Amino acid sequence: MSQFIVIEIIHALPGQGAALKQALLDLMPLCRKEQGCINYDIAVSDTAEDIFLVLMEWETPADLEAHVQSEHILEFVKKYENVLYGKVTESHWESC
């Protein structure tokens, strides 16, 4: 069975690395409880403490879409976008 993988690279705004890290860590347990979540991990760059990687694995594309539309994700974006972080790079993958 294929898994659907999302990799996000999130850049904190200047001086907001620690606050963004805590916000992402607070979000993680909510995401891990979602339907179809196989994996949801957060890592910080070993060369820049204001760059974070979010690695997600979902059972189906519908599970991923439900995640994107979940109340906690929509609230996170509304509350923190352009306050704690700016640039987000996202790529989607399917396991072989």
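Numbers for the structure displayed
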{"item": "Selection status of F4, surrounded by 13 or more Cβ atoms within 10 Å (Cβ to Cβ) and either in contact with a Pro (Cβ under 7 Å, 6 or more places away or on another chain) or at pLDDT below 95 (or both)", "result": "yes"}
{"item": "Count - residues of the range 42-68 that are more than 19 Å from Q3 (Cα to Cα) and of a type outside the set (D, E)", "result": "7"}
{"item": "Any hit, the range 53-66, residues being of a type in the set (S, T, Y) and farther than 17 Å from L25 by Cα", "result": "yes"}
{"item": "Cross-chain or 6+ apart pairs with Cβ under 7 Å, the range 64-83 first and surrounded by fewer than 11 Cβ atoms within 10 Å (Cβ to Cβ), then among the hydrophobic types (A, V, I, L, M, F, W, C)", "result": "none"}
{"item": "Search result, residues across the range 19-39 that are part of a helix (DSSP H, G or I), buried (at least 17 other Cβ atoms within 10 Å of the Cβ) and of a type outside the set (A, V, I, L, M, F, W, C)", "result": "K21"}
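The values are calculated or read from the model by the stated rules, or taken from the named source; none is laboratory data. Quantities reported herein were computed from a predicted structural model and do not represent experimental measurements. Using ideal geometry, Cβ is built from the backbone for each residue, glycine included, and neighbour counts are taken over all protein chains shown.
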